[in-house]
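The values are calculated or read from the model by the stated rules, or taken from the named source; none is laboratory data. Since the structure is predicted, the reported quantities are computational estimates derived from the model, not experimental observations. Methodologically, a virtual Cβ is constructed for each residue, glycine included, from the backbone with ideal geometry; neighbour enumeration extends over all protein chains shown. To get the accessible areas, we keep the full protein, side chains included, count just its heavy atoms, and leave off ligands, DNA and RNA. Shrake-Rupley method; radii C 1.70, N 1.55, O 1.52, S 1.80 Å.
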Amino acid sequence: MNRVGKALLVLALVAVVGMAFRVSWNALRDVAKAIGADGTAATLYPFVVDGLMALALVATLALTGDAKRFALRVLATYTIASLVLNYVHGLVPELHGRSVDWGRLADWDPANWALVLLATSLPVGSIYFGSDLVAKVLHHQPDPAPAAAESAETSANRSTADLGERPEPAAVSIEQRAVPAIEPVTVAVEGIEPTPNRVPVGAVAAEQSRPRRTTGRVPEVARSSRPIRTAEQLLIEARTTTEDWPVEELTAEGIRKAVRTSPAKARVLRETLRAERTAVGQPVPVSEAV
């Protein structure tokens, strides 16, 4: 809705409320005269009742939480009280011409006492509740949660140029160390010509997919006690260890466990040892050759 529509809506509301107050003002003035108010007091009496209703409505719009619920209860109480007094004014026509006895709003005594108590207590209640509502509105602190949420959202929507350039963290230099490849060692065996499909001994080199990060010097306690063996040393150790083994037991797993090496190097050792056994006249079984 545009501003013109909102303005017209507010003006219509003010007009309706003004006319309703004029109707209620007549009834409340007659009731005030019936309970002993003079002309000036009877004229101001409707402002005391219906005026506090308007004040409670404004306080309801401004307050939150328990204070808002208190304002709503005050608004509901004075609305019901004004409705009851207007209803009594419609039931007792004598109130219009002031022909009713002073302090008499109903024929039944208990009902009359209750109505007189209600009519006389409303001005005192207006003083108390009106002062309390005004104090609550003046001391009301807006809820900071929506403002904080809006501020966070605004900061998130701001561009990088608005926020300013942040200093980028210093790049951490990582020293890349090349891992030396193991030189292939070819063992010449009499009677065997090297074939292009045979894997040479020690041809397996350690490959590293990503650079290793420098972690500092490794303590002596954490270092391995076994020295690094070359391919030739592994072959000599495998020959010595499997010297008494039959050809059927020359498996990569057995050699790996015996000389404590990697599976890849164990397979190379297996092929080399079997080739040597074949060269010296010990055929390898067909089932074990795969």
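In sequence order, what are the phi-derived ³J(HN,Hα) couplings for the stretch 137-142 according to the Karplus relation 6.51 cos²θ - 1.76 cosθ + 1.60 with θ = phi - 60°, rounded to whole Hz, with x for glycine and proline?
5, 5, 9, 6, 9, x
Name the residue farthest towards the positive end of the dipole of the stretch 1-143 from the options Phe129, Leu11, Leu52, assuming +1 on Cβ of Lys and Arg, -1 on Cβ of Asp and Glu, about the Cα centre.
Checked the options; the winner is Leu11.
Which lysines, on any chain, are close to Lys6 with Cα under 25 Å apart, when same-chain ones fewer than 8 places away are left out?
Output for Lys6: Lys68.
Evaluate the charge dipole of the stretch 1-133 about its Cα centre and quote only its size in Debye, nearest 20, assuming +1 on the Cβ of each Lys and Arg and -1 on the Cβ of each Asp and Glu.
On the way: 10 positive and 9 negative charges, 127 e Å.
Charge dipole of the stretch 1-133: 600 debye, to the nearest 20.
Hey, got a sec? Which trypsin sites (Lys or Arg not before Pro) in the stretch 11-70 land in a DSSP loop and have at most 12 other Cβ atoms within 10 Å?
On the way: sites: Arg22, Arg29, Lys33, Lys68, Arg69; in loops: none.
Qualifying residues, ordered by number: none.
Largest first, what is the accessible-area ranking of Leu55, Leu83 with a 1.4 Å probe? Write down the numbers at each step before the final one.
Values: Leu55 65, Leu83 120 Å².
In descending accessible area the options line up as Leu83, Leu55.
Would you mind putting 113-120, 44-51 in packing order, based on average other-beta-carbon counts within 10 Å, highest first? Could the numbers behind the result be given before it?
Numbers: 113-120: 16.8, 44-51: 18.6.
Ranked by mean Cβ neighbours within 10 Å, highest first: 44-51, 113-120.
Provide the net charge surrounding Ala56, with neighbours chosen by a C-beta distance below 14 Å and charges set as Lys +1, Arg +1, Asp -1, Glu -1.
Working: positive: Lys68, Arg69, Arg73, Lys136; negative: Asp50, Asp132.
Local charge sum for Ala56: +2.
I need the phi-derived Karplus couplings for the stretch 233-246: 6.51 cos²θ - 1.76 cosθ + 1.60, θ = phi - 60°, integer Hz, Gly and Pro marked x.
Values per residue, Gly and Pro as x: 5, 4, 5, 5, 5, 5, 4, 5, 6, 9, 4, 8, 7, x Hz.
With a 1.4 Å probe and all protein chains left in place, how much of the accessible area of the stretch 19-68 comes from carbon and sulfur atoms, in whole percent? Please report the intermediate quantities before stating the final value.
On the way: 1660 of 2400 Å².
That share works out to 69 percent.
When you take every Cα atom in the stretch 1-143, what is the radius of gyration, and what is Dmax, the widest Cα pair distance, in Å?
Looking at the stretch 1-143, its Cα Rg and Dmax stand at 17.3, 56 Å.
Which lysines does Lys257 reach when only Cα atoms under 18 Å apart count, and residues fewer than 8 places away in its own chain are ignored?
Lys265
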